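What follows draws every value from the coordinates through simple rules; no lab data is involved. All values derive from a computational prediction rather than experimental measurement. Neighbour counts run over all protein chains shown; Cβ positions are idealised from the backbone, glycine included.
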Amino acid sequence: MDDKFKISAFAVGDPQTIELVYSDFKESDKFPGNYNTLIIHNGVKKWWSFSSMVRDKMIGQGAEKGKKFIVTRKEGKEGRTVTDVIAVGKVVVAGTNQDKQPTNVTPDWDNIALGKCRTLFAVEAFKLGLQPNAETAVMVNKWAQFSVSGEFEAPRKAIIKRSNTAKKKAAADNEVDSLLETIPF
């Protein structure tokens, strides 16, 4: 019985499922740049030797004890084959907290919906031949706000928020009022 996992023993494109027994990889003494780890393949523990590229792919997909990967040989350049590894199940990206319990922060669904509506109205405005300028932006924001909330006050608030003085606020109010008159409702 062979205690080594050899991906070269399998046909190109024939996926093999492995499970990591350890989450650390030992660098080979004989072949620097190659790594070894103990895996389970078809219910049997075997040693697997692989390149640093394969190691980096597994680490990037959350290599940890018990993690399963699908290992496949693929056609490479000049008739050579390359080894590809894909994590089975939820992929945990290194440096994130995707594995931890969800936090109490909920997405602002109204703001997300507003952004999606704004995008759709902007696309339609450009299809109608409107130029991408401040006037078109205000009109698109008004239609998006109307589609989400049924009212037209948000653009006025946005313009006022950017204004620091009462004079600028009054000018912004006048600008919004004059633009409201030009929008075909």
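Please list, in order along region 5-10, the HN-Hα scalar couplings obtained from phi with the Karplus expression 6.51 cos²θ - 1.76 cosθ + 1.60 (θ = phi - 60°), rounded to whole Hz, x for Gly and Pro.
8, 10, 5, 5, 6, 9
What is the set of long-range amide H partners of LYS67 at a cut-off below 5 Å, with H atoms built 1.01 Å from backbone N?
Amide H neighbours of LYS67, under 5 Å, 5+ apart: LEU20.
Counting only residues 5 or more places away or on other chains, whose amide H sits under 5 Å from the amide H of SER28 once H atoms are built in the peptide plane?
For SER28, the qualifying residues are GLY33, ASN34, TYR35, ASN36.
Calculate one ³J(HN,Hα) per residue across region 116-122 by plugging θ = phi - 60° into the Karplus curve 6.51 cos²θ - 1.76 cosθ + 1.60, and present them in order as whole Hz with x for glycine and proline.
Computed from phi, the couplings for region 116-122 are 5, 5, 4, 4, 5, 5, 5 Hz.
Checking the table LYS74/LYS116; LYS26/LYS68; LYS4/LYS74; LYS4/LYS68; LYS68/LYS116; LYS6/LYS67 against a 29 Å threshold on Cα-Cα, which pairs fail?
LYS74/LYS116; LYS68/LYS116
Residue by residue, what Karplus-based ³J(HN,Hα) values in Hz, rounded to whole numbers, does region 37-45 have, using 6.51, -1.76 and 1.60 with θ = phi - 60° and x for Gly and Pro?
7, 8, 10, 10, 10, 6, x, 10, 6
Taking the number of other C-beta atoms within 10 Å as the exposure measure, put MET58, MET53 in order starting with the fewest.
MET53, MET58
Name the aspartates and glutamates eligible as straight-distance cross-link partners of LYS142: C-alpha to C-alpha under 20 Å, and not fewer than 8 places from it in the same chain.
ASP108, ASP110, GLU124, GLU151, GLU153, ASP173, GLU175, ASP177, GLU181
Hey, got the dipole for region 4-87? About the Cα centre, +1 on K and R Cβ, -1 on D and E Cβ, debye to the nearest 20?
180
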